[in-house]
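What follows is a single structure, written as structure tokens, with notes after it.
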């Protein structure tokens, strides 16, 4: 069976993507809750981060998986084969293919 994007997303979950997203969402929520009234542009920026973490795009997923693999290089064994097979279809995955 040919790998597809859902195969990559499952591999990303296998190396800890869901947990990392949850931690980051909690951090942003806490920062928003602790932010002083008014806050201006910084609060808007935090709210944008919260929205992106709630619905991450492929670029964000690739960046976070890259960080996870840097933290524990053994994770690359799960990610590299899938990224290699999909990088022609999803060029952003080339960052994880080697």
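The values are calculated or read from the model by the stated rules, or taken from the named source; none is laboratory data. Values in this document were obtained by computation on a predicted structure and should not be read as measured data. Reconstructed Cβ throughout: ideal geometry from the backbone, glycine too, with neighbour counts over all protein chains shown.
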Discussion item. Regarding the range 77-86, can at least one residue be identified that is more than 24 Å from residue 11 (Cβ to Cβ) and touching a helix residue (DSSP H, G or I) at 6+ places or on another chain (Cβ under 9 Å)?
Written reply: no
Worksheet entry | For residue 56: the one exception among (1) exposed (fewer than 14 other Cβ atoms within 10 Å of the Cβ); (2) outside any helix (DSSP H, G or I) | (1)
Worksheet item: Quick one: which of 94, 77, 22 is free of Cβ contacts under 8 Å to residues at least 12 places away in the same chain, part of a helix (DSSP H, G or I) and surrounded by 14 or more Cβ atoms within 10 Å (Cβ to Cβ)?
Response: 94
Fill in: Which numbered condition residue 1 fails, given (1) modelled with pLDDT under 95; (2) outside any loop (DSSP other than H, G, I, E, B); (3) touching a helix residue (DSSP H, G or I) at 6+ places or on another chain (Cβ under 9 Å); (4) loosely packed, with under 14 Cβ neighbours inside 10 Å
(2)
Worksheet item: When the range 5-19 is examined, which residues are found to be within 13 Å of residue 79 (Cα to Cα) and surrounded by 10 or more Cβ atoms within 10 Å (Cβ to Cβ)?
Response: 5, 7, 8, 9, 10, 11, 12, 13, 14, 15, 16, 17
Fill in: Total residues in the range 32-46, condition surrounded by 12 or more Cβ atoms within 10 Å (Cβ to Cβ), at negative phi and at pLDDT below 90
3
Discussion item. Go through the range 80-91 and report how many residues are assigned to a helix (DSSP H, G or I) and either surrounded by fewer than 16 Cβ atoms within 10 Å (Cβ to Cβ) or over 15 Å from the mean Cα position of the chain (by Cα) (or both).
Written reply: 7
Fill in: Set 48, 41, 66: member being part of a helix (DSSP H, G or I), within 23 Å of residue 5 (Cα to Cα) and free of Cβ contacts under 8 Å to residues at least 60 places away in the same chain
66
